[in-house]
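Peer 1: The structure follows.
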Amino acid sequence: MSRLVVVSNRVADPRKAVAAGGLAVALGAALSATGGLWFGWSGTVVEGGAPGEGELHVQQAGSVTLATVDLCAEDHAGYYLGYSNGVLWPVFHYRLDLARFDAGFINAYRRVNQLFARKLMTELRPDDIIWVHDYHLIPLAAELRAMGCANRIGFFLHIPLPPQLVLAAIPQHEWLMRALFAYDLVGFQAEADLLHFSRYVQAEAGAVDLGEHRFRAFDRTLRAGAFPIGIDVDEFAALTHAKEGVDMYERMKEEYSRRKLLLGVERLDYSKGLPQRLRAFKTLLQKYPGNLGSATLIQIASPSREDMGTYTDLLQELESLCGAINGDFGELDWMPVRYIHRNVARRRLPGLYRVARVALVTPLRDGMNLVAKEFIAAQDPADPGVLVLSRFAGAAEQLKQALLVNPYDIDGTADTIQQALQMPLSERQQRHQKLLENIRTQDVHWWRKLFLDALSEGGKA
Ligand code: GDG
């Protein structure tokens, strides 16, 4: 049986995966099953180190080998903060206005991918199957191929792929998309992303569509597909019923017994639509005054990429919006918004989800959005909360029984939140049952198997 090699920017010890989250659990489980290798950045930035160089650390974590490489400060700035999060993240989320097309970034991005390829080559065996994750590592397979790697290599993009003319704004778009053809299988979250890929490669790269999502260009054939990522529903249900989950639920239930609780949970990021959500909540209070003194929004925005300027601007905007809503509508015994700019322990999240009447998952663009699925998994089927979901989250292709909104339409979103708050029990139960069925059938183990089966059986070009 082939060994699985997972490559991602960050690497997590599978034995501590519960703290790290569902994806780490799933990848850790896949690796542990056959024994495997997890390769990526160590998280260490070496001040004054030489560009393109970094020490490799190899350690054993149960049956999984963790191989990680340090980065020098210059490479970290150009590859991670610069090209990955200053160019690819905003453009792939359709935010050309926030992209910083600095000519120096691409060199560092290419250099780090070459460094990773060089270090990974020393660890590879001929029959390893390599699964590369996300936008930080698009050219990794091309670099590996240039060094003689003939293994099967698959790539999964966790974020959306934008339409052709948005993608084409990246000065190196042709190079990036050509690099994808070094993979045998390229996976996207949603059918919309797959469609964008198919249109792009045919229009810009002259690719030939061979049918069944196989494309030929640059003398190589790749297979593309939509593989919507899921969560580990059983793991999340277990967390919900574990002591900390139950304690959290009971404490919050008592605290909010007289209120209607709305909940938002995300990393603080401009793709998540937080200012628009707060405006919709304000409109809800203005338009439907029955909610005054009652509807309370808990918004958790956990710190993320704080060393980038665009995030500081967003932080200030959110603080000012929350302050204005509380100042305009708050009473001595009721504050409409509780805004928490801190990381909440993962074990406490399920209790919080379970007590909420409504979850607001309203990104402006999102690859999938796992919070939507976690909320469904944590509900009490006898008295479930309602999911208000952006139609621009990848999850909207699957979660059709959620209340779908256009987050740019502030008034429309406020109306839908009101509908969610008023929804009768029988309708809530029916919707939740269908949603739960969906996330159970298409969970993270299903996703992993779907991708790896496609890579090992049909993925070879
Ligand atoms: C990328 C794509 C895609 C959030 N706040 C806290 C916390 N979280 C956890 C949630 C959830 C995870 O972080 C966020 O996952 P999302 O899927 O919502 O979003 P991204 O981080 O942007 O992830 C996305 C995903 O990759 C997987 O492919 O779905 O579209 O952008 O698990 O629970 N966890 C803890 N404290 C917090 O305060 N412990």
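Peer 1: Taking 7 Å along the Cα-to-C-beta vector as the label spot, tell me the GLU255-SER426 distance in nanometres, rounded to one decimal.
Peer 2: Placing both labels 7 Å beyond Cα along the Cβ direction yields 3.5 nm.
Peer 1: How many lysine pairs are close in the chain, with Cα atoms under 18 Å apart and the two 8 or more places apart or on different chains?
Peer 2: Lysine pairs, 8 or more places apart or on different chains, close enough: 9.
Peer 1: How far is helix 22-34 tilted off the main Cα axis of the chain, in degrees rounded to 10, range 0 to 90?
Peer 2: 40 degrees
Peer 1: For ALA50 and ALA33, compute 0.36 nm times the residue count separating them, minus their Cα-Cα distance, and round to one decimal in nm.
Peer 2: Fully extending the segment from ALA50 to ALA33 adds 2.4 nm.
Peer 1: Restricting to the chain, compute how many DSSP beta bridges are antiparallel as a %, nearest 5. Write down the numbers at each step before the final one.
Peer 2: Numbers: 14 of 65 bridges.
Close to 20 percent.
Peer 1: Further question on the same structure: Over the chain, with every protein chain in place, what whole percent of the accessible area is carbon and sulfur at 1.4 Å, could you tell me?
Peer 2: About 50 percent, which is the carbon plus sulfur part of the accessible surface.
Peer 1: Taking the C-alpha atoms of region 410-461, how large are the radius of gyration and the largest Cα-Cα span, Dmax, in Å?
Peer 2: Taking only Cα atoms of region 410-461, I get Rg and Dmax of 18.6, 53 Å.
Peer 1: Taking 7 Å along the Cα-to-C-beta vector as the label spot, tell me the ASN343-SER320 distance in nanometres, rounded to one decimal.
Peer 2: If labels sit at ASN343 and SER320, their model points lie 2.9 nm apart.
Peer 1: Report the relative contact order of region 17-149, percent, no decimals, based on alpha-carbon pairs under 8 angstrom and at least 6 residues apart.
Peer 2: Working: 174 pairs, mean separation 26.5, N = 133.
With pairs under 8 Å counted, the relative contact order is 20 percent.
Peer 1: Suppose the chain between ARG220 and ASP333 were pulled fully straight at 0.36 nm per residue; how much longer would it get relative to their current alpha carbon spacing?
Peer 2: Working: separation 113, 0.36 × 113 = 40.68 nm, distance 6.56 nm.
Full extension of this stretch gives 34.1 nm more.
Peer 1: Please report, largest first and rounded to whole Å, the three semi-axes of the ellipsoid equivalent to region 287-378, where each semi-axis is the square root of five times an eigenvalue of the C-alpha gyration tensor.
Peer 2: Equivalent ellipsoid of region 287-378: 23, 20, 13 Å, largest first.
Peer 1: Using only the Cα atoms of region 130-226, build the gyration tensor, take square roots of its eigenvalues as a ≥ b ≥ c, and label the shape rounded, prolate or oblate: rounded if a/c is under 1.5, else prolate if a/b is larger than b/c, else oblate.
Peer 2: Verdict is rounded for region 130-226.
Peer 1: May I ask you to derive the relative contact order of the chain, considering only C-alpha pairs under 8 Å and at least 6 residues apart, and to give it as an integer percent?
Peer 2: Normalised by residue count, the contact order of the chain is 14 percent.
Peer 1: Would you kindly work out the equivalent ellipsoid of region 240-291 from its C-alpha gyration tensor and give its semi-axes, the square roots of five times the eigenvalues, largest first in whole Å?
Peer 2: Those come to 26, 19, 5 Å.
Peer 1: Let me ask something else about it. On full extension of the chain, what length is gained from VAL58 through LEU165, given 0.36 nm per residue of separation minus the C-alpha to C-alpha distance?
Peer 2: 34.3 nm
Peer 1: Roughly how tilted is helix 103-121, in degrees to the nearest 10 and between 0 and 90, from the longest Cα axis of the chain?
Peer 2: Helix 103-121 sits roughly 70 degrees off the main axis of the chain.
Peer 1: Here is a further query. Hull surface divided by four, with the convex hull built on the Cα atoms of region 309-427: how many nm²?
Peer 2: Values: hull surface 35.5 nm².
Mean shadow area of the hull around the Cα atoms is 8.9 nm².
Peer 1: Separate question: Where only protein heavy atoms count, and the probe is 1.4 Å, what is the accessible area per residue for the chain in Å²?
Peer 2: Roughly 40 Å² per residue, with all protein chains present.
Peer 1: Using the charge dipole of the chain (Lys, Arg: +1 at Cβ; Asp, Glu: -1 at Cβ; taken about the Cα centre), state which of GLY54, ALA117, ILE410 has its Cα farthest towards the positive end.
Peer 2: Result: ILE410, furthest along the dipole toward the positive end.
Peer 1: Another one. Roughly how many debye, to the nearest 20, is the charge dipole of the chain about its Cα centre, given +1 on each Lys and Arg Cβ, -1 on each Asp and Glu Cβ, and no other charges?
Peer 2: Value, rounded to 20: 660 debye.
Peer 1: In whole angstrom, and with the biggest value first, how far do the Cα coordinates of the chain range along each principal axis?
Peer 2: 67, 47, 43
Peer 1: I would also like to ask the following. With a 1.4 Å probe and all protein chains kept in place, how much accessible area does LYS119 have, in Å² rounded to the nearest 10?
Peer 2: 50 Å²
Peer 1: Kindly state, to the nearest 0.05, the FRET efficiency for GLU244 paired with GLU174, given R0 = 56 Å and r defined as their beta-carbon distance.
Peer 2: My answer for the efficiency is 0.65.
Peer 1: With the crude spin-label approximation of a point 7 Å out along Cα→Cβ, what separation in nm comes out for LYS16 versus ALA382?
Peer 2: 3.9 nm
Peer 1: List the residues whose amide H sits under 5 Å from the amide H of ILE300, counting only those 5 or more places along or on another chain, with H placed 1.01 Å from N in the peptide plane.
Peer 2: Amide H neighbours of ILE300: GLY264, VAL265, GLU266, ILE340.
The values are calculated or read from the model by the stated rules, or taken from the named source; none is laboratory data. Keep in mind it's a predicted model, so treat the numbers as computed, not measured. All Cβ positions, even for glycine, are placed from backbone atoms using ideal geometry, and neighbour counts span all protein chains on display. Quick note on the areas: whole protein, heavy atoms, side chains included, nothing else; ligands and nucleic acids left out. Shrake-Rupley method; radii C 1.70, N 1.55, O 1.52, S 1.80 Å.
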